[in-house]
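Asks: Pasting a structure here, questions to come.
The values are calculated or read from the model by the stated rules, or taken from the named source; none is laboratory data. Since the model is a prediction, treat every value here as computed from it, not as a measurement. Please note: Cβ atoms are built from the backbone with ideal geometry, for glycine as well, and neighbour counts cover all protein chains shown.
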Amino acid sequence: MSTQTPDLVKSSPSALRLGLIDWQPTVVLYLLVLVGQFLVNGLVTGILYLSLGESSEQIYQAQTNSAFVTGVFIFINAVVNATIGMRASSLSGAARPALTASTYVTTVLFIILGSVFWWLLVAAQPLLYFTGTATYPMGIDSWLFVIVAWIACDGAGRFIGGTGRCVGTLWKRSFALMGAIPLGICAVLAPITWFVLTTVHKVGLLGPMHPAYWLLGLLPLVVCAAGWPLTASGHIRRMA
């Protein structure tokens, strides 16, 4: 009787399958927080609207609030995926490239859901007059800056989480994080700066953004480029 050796390469799970393991609780929590903060803000501004009447000083910021919540979730998700997520996925026996690619699946889900919610809130602004009678002009360029900011949040989370996982001793890890955390924050602030300056220019408060500000894009580029190797490298301690 002959036996065949199983093909481990073909039998190993794909990156998409690994990334979708237990994704429902994370996405449900994200949607609950996203919708919850919108309802709370809408309730507060609605009460103020009924109490004080229409005010031109109230600015419609529902879409920027949702973008902030999405960015926070993407950052935390990236930190978790670069540390605990890699350890848990390593039990599948998949190769490191597949393990690393799987950690980006939930990030893509957050970006897609966040974008859908962004455009829904932009389109619903006329119906939500009680949350703000004034609005900033939000176009495709504003949304693209938000996308870049979300990608920078993912890169910063991986950069910080991967640095903490790859560096061995406690002292070395502390010094490495002292440099990684400020750099990750600056990487996220770069597209936010573009967003603010272009939005302020649209309303006529400032002139066009100086071209030198585009050089800030080097920060998220470096951080995101380092996120992949930092997520993939380092010793993966097996979970008990």
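Asks: Please tell me if Val116 is over 29 Å from Leu177 (Cα atoms), within 16 Å of the chain's Cα centre (by Cα) and at pLDDT 90 or above.
Replies: Spelling it out, Val116 is indeed over 29 Å from Leu177 (Cα atoms), within 16 Å of the chain's Cα centre (by Cα) and at pLDDT 90 or above.
Asks: Related question: For region 186-210, name all the residues that are more than 23 Å from Gln63 (Cβ to Cβ) and within 16 Å of the chain's Cα centre (by Cα).
Replies: Cys186
Asks: At pLDDT below 90 and part of a loop (DSSP other than H, G, I, E, B), is that true of Ala82?
Replies: It is false that Ala82 is at pLDDT below 90 and part of a loop (DSSP other than H, G, I, E, B).
Asks: Here's a follow-up. Residues being exposed (fewer than 13 other Cβ atoms within 10 Å of the Cβ), at pLDDT below 85 and of a type in the set (Val, Ile, Thr): count how many of those fall in region 19-58.
Replies: Adding up the residues that qualify gives 2.
Asks: Give the residues of region 207-224 that are surrounded by 15 or more Cβ atoms within 10 Å (Cβ to Cβ) and more than 19 Å from Ala156 (Cβ to Cβ), sorted by residue number.
Replies: Correct list: Met209 only.
Asks: In addition: Touching a residue at least 12 places away in the same chain (Cβ under 8 Å) and not in a loop (DSSP other than H, G, I, E, B): does that describe Leu221?
Replies: no
Asks: What number goes with the only condition from (1) modelled with pLDDT of 85 or more; (2) farther than 26 Å from Phe68 by Cα; (3) of a type outside the set (Asp, Glu) that Gly179 does not pass?
Replies: (2)
Asks: Okay, next question. Evaluate region 136-156: report whether one residue or more is part of a helix (DSSP H, G or I), surrounded by fewer than 20 Cβ atoms within 10 Å (Cβ to Cβ) and modelled with pLDDT under 80.
Replies: For region 136-156, residues part of a helix (DSSP H, G or I), surrounded by fewer than 20 Cβ atoms within 10 Å (Cβ to Cβ) and modelled with pLDDT under 80: absent.
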